[in-house]
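Data first, discussion second: the structure below is written as structure tokens.
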Amino acid sequence: MTSRNRIPPALEAYLRLPPEAALLVFTGTLGCSANWLTSRLVSACLANDNDARHGLEDGGSSAVIFVNFLHDATFWQYEIRRTTGVDIARSMKEGRLMFVDCFTQNTSTIQAVHDAIAVAIAQLQKARPSAKVLLILDNPDTVIALNAATKNEVNKTLLKLRSQVHAAAVVCNADQPLLAAATADEVAHHTPLEVESAAFVSSLAHQARFVMSVRELDTGAARDVSGVVRVSRGGDDGWWGPEVNGRVREIEALYLVQRDGGVKVFERGAVA
Amino acid sequence: MPSTNLQHRRTHNLLLINKLLNQRDASSPFTLVFDNLEQSGKGIIAEYLRRAKVAKVKTVFVSFETLGQLQNVDVYIQTWKYQSVAAWQKEVAFHTRPPPPSTTMLATPANAQKTLLILDSLNSLPASTTPLPTFLISLLSPTTSLLSVYHLDIPSSLPPPYHPSLLTTLKFLATTILTPHSLHHVLERKAARDRSLPEPLFGLAEAVHGLVVAGRPSGGAGVKINDADGGVVIEMEHRRRSGRGVREWFFLPDSLGTVSTFAVGGAGKTSNVTLLEDHPLYRSPSDEGAVGGGGADDELISTFELNLSEKQRRDREGVVLPYYDAQRADGAGPGEGGRILYDMGAEDDFDEEEDEI
């Protein structure tokens, strides 16, 4: 099975190389992991060279810098091959994928994280000057949770890195307790950590082209539904762009992660 | 007279919002946009930039979170590229300073180069060293007006005790506050209000596990809007110099479709802002009569036929009611002396003993 077929058709328009300078935000919760979206985004950007459907009409190729805070390379190598059939070890050998491991390496400060990623960007751009680089950060909110940096510092670092690559995607957690401080009228009874993590997620969403969130079904667990996936426009959905691309289409659908790693996305009321 | 009132507001407040958007006559030196994830304020900024371009106002965009190619921007300052806060503040001061004295001698205030300074997010500022009000006021000058965005759903840490929060300070300082709302959500809230139901919440306020932005997914129930109907509802609060506040709700259509015409035409200065009440989806059927000036066809909607035909109306007018006779003032009427007038019907049974007249 080719990798293209492993991406649900309903999400194909979103899981591909975004336009220049865009930021995509993917959120998951404790009960609903966004890993299946991450692995599909990585594989979609690596899968097809010269494929117009992936926004690469000019014959250039895409490359990915995959920064991880919660898993190591082995986990993702297995996960991506299992769920999408793409072997990232080969892409890493070819130099189309740089894996930055902030999980096992000692990158406890935000400056160390920045330096590690900046080195990877420089290496990749030297090896493939024409490649459009997508920077994917998996759970950078770990840095906030560890109290290693403030939201403003992470934000500034992210902008510095984003300005060096084609586009970026960030995966983070959006559980309700992490976001509660964002809507509170009075922040007095929230801890500084709650305030920082809520501020981080919503400031990311304000910069995003779209926010794709997965969450549990409102009505509780079900055997044939893993959760709800919703795509909403972010705060920066093309108001600035020189060309009129049209706006992001907002959808909400249900999905089911099957035992073999395949995912079905279907409308409410439809049968998986 | 609701229609006259509406007409009055339409004239005055549309003039006002266009004056504000065009930055004419230094009408608002410090404009604040309070947005949230459900409706970004970037559309309003884009509209300001578009109009500034037409009016040949210099635009300085200080970016804390916006990356990429910006349209209609003259100076683009990316704050994250500077080592310290002071470094980019110096850069901003350089671009917004008034022209040197030699040129101001010739230039009258009317034709001096005006500058529109835009800060795309004030949320990142409190971390800086200078107190925010001092910094913001230092940016203003007779030729520079300030437009900035504050995201309401990015919480900031607590201010020192006995100090007002940043939000309070900003609300106090601003001369105009624009709050964007999503048209879809405004309509859903209105629909709920019209049925006396509690108004729905959206996005983060829903407190749904894992939901960040509600948006307007097509699968959702409620009011259906095409993407083509996209646009921003703007709630405006403008403080006049006298201190009197003006509040109004406007609708700003999506500018994406009109970008190209602006680039080519240049002079095509359309004032496309309308009152929210004039939006076809917002206007309710009962308001429509008022807008039309109260036409003759104010018909009741009922399952009964309450109207008269022409013949029924003529018959009704022909009936002479008995008391008209009794009211004749000359005393010649039949009611004189308090007699009871009674005409026997065919079915009446006259009882001599009881019914003595």
How about segment B:235-285: which of its residues are part of a helix (DSSP H, G or I) and at pLDDT 55 or above? B:Leu276, B:Glu277, B:Asp278, B:Pro285
Output for Cβ contacts, cut-off 7 Å, separation at least six or different chains, first residue more than 7 Å from every other protein chain (Cβ to nearest Cβ) in segment B:189-215, second assigned to a helix (DSSP H, G or I), reads B:Pro198/B:Ala192; B:Glu199/B:Arg189; B:Glu199/B:Ala192; B:Glu199/B:Arg193; B:Pro200/B:Glu188; B:Pro200/B:Arg189; B:Pro200/B:Ala192; B:Phe202/B:His185
What are the pairs with Cβ atoms under 8 angstrom where one residue, in segment B:137-155, is away from chain A (no Cβ under 14 Å) and surrounded by fewer than 24 Cβ atoms within 10 Å (Cβ to Cβ) and the other, located anywhere, is β-branched (Val, Ile, Thr) and not in a strand (DSSP E or B)? Sequence gap at least six, or different chains. B:Leu139/B:Val92; B:Leu139/B:Thr96; B:Ser141/B:Thr96; B:Thr144/B:Thr96
Could you grab me the full set of residues in segment B:182-200 that are of a type in the set (Asp, Glu) and crowded, with 19+ Cβ neighbours inside 10 Å? B:Glu188
Starting from segment A:217-235, keep only residues that are farther than 22 Å from A:Val248 by Cα and among the charged types (D, E, K, R), then list their pairs with residues that are surrounded by fewer than 24 Cβ atoms within 10 Å (Cβ to Cβ) and at pLDDT below 90 whose Cβ atoms are within a distance under 9 Å, requiring at least 6 positions of separation or different chains. A:Asp218/B:Val208; A:Asp218/B:His209; A:Asp224/A:Val271; A:Asp224/A:Ala272
Identify all residues within segment A:155-172 that are surrounded by fewer than 24 Cβ atoms within 10 Å (Cβ to Cβ) and in contact with a Phe, Trp or Tyr (Cβ under 7 Å, 6 or more places away or on another chain); write none if there are none. A:Lys156, A:Leu159, A:Lys160
Go through A:Lys160, A:Lys93 for me and flag whichever is within 14 Å of another protein chain (Cβ to nearest Cβ), charged (D, E, K, R) and over 27 Å from A:Leu30 (Cβ atoms). A:Lys160
Meets criteria (in contact (Cβ under 8 Å) with a residue 12 or more places away in the chain and polar (S, T, N, Q)) for B:Thr179: yes
Scanning for something closer than 25 Å to B:Arg193 by Cα and either modelled with pLDDT of 70 or more or not charged (D, E, K, R) (or both), does segment B:302-317 turn up at least one residue? yes
Residues that are in contact with a Phe, Trp or Tyr (Cβ under 7 Å, 6 or more places away or on another chain) and farther than 30 Å from B:Leu204 by Cα, drawn from segment B:18-52: B:Arg50
Count of segment B:36-70 residues which are more than 7 Å from chain A (Cβ to nearest Cβ), under 19 Å from B:Phe251 (Cβ atoms) and among the charged types (D, E, K, R): 4
Could you count how many residues in segment B:74-92 are crowded, with 19+ Cβ neighbours inside 10 Å and within 14 Å of chain A (Cβ to nearest Cβ)? 4
Out of A:Asp218, A:Asp224, sole residue that is over 18 Å from the mean Cα position of the chain (by Cα), at the interface with chain B (Cβ under 10 Å from one of its Cβ atoms) and surrounded by fewer than 24 Cβ atoms within 10 Å (Cβ to Cβ): A:Asp218
Search result, residues across segment A:155-183 that are closer than 15 Å to A:Asp236 by Cα and among the basic types (Lys, Arg): A:Arg162
Considering segment B:21-35 alone, what residues qualify as being among the charged types (D, E, K, R) and either on the phi > 0 side of the Ramachandran plot or within 14 Å of chain A (Cβ to nearest Cβ) (or both)? B:Asp25, B:Asp35
Output the residues belonging to segment A:251-272 that are within 13 Å of another protein chain (Cβ to nearest Cβ) and part of a loop (DSSP other than H, G, I, E, B). A:Glu267, A:Arg268, A:Gly269, A:Ala270
Restricting attention to segment B:168-177, the residues that are buried (at least 18 other Cβ atoms within 10 Å of the Cβ) and either over 19 Å from B:Leu37 (Cα atoms) or out of contact with any Leu (no Cβ under 8 Å at 6 or more places or on another chain) (or both) number exactly 4
Name the residue that is farthest from A:Val113 (Cα to Cα), counting only residues in segment A:174-197 that are within 9 Å of chain B (Cβ to nearest Cβ), in contact with a helix residue (DSSP H, G or I) (Cβ under 9 Å, 6 or more places away or on another chain) and not in a helix (DSSP H, G or I). A:Ala184
For A:Phe200, the lone unmet condition from (1) under 20 Å from B:Asp120 (Cα atoms); (2) free of Cβ contacts under 8 Å to residues at least 60 places away in the same chain; (3) within 7 Å of another protein chain (Cβ to nearest Cβ) is (3)
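The values are calculated or read from the model by the stated rules, or taken from the named source; none is laboratory data. Not measured: the values here are computed from a predicted model. When we count neighbours, we look across all protein chains shown, and the Cβ atoms used for this are built from the backbone with ideal geometry, even at glycine.
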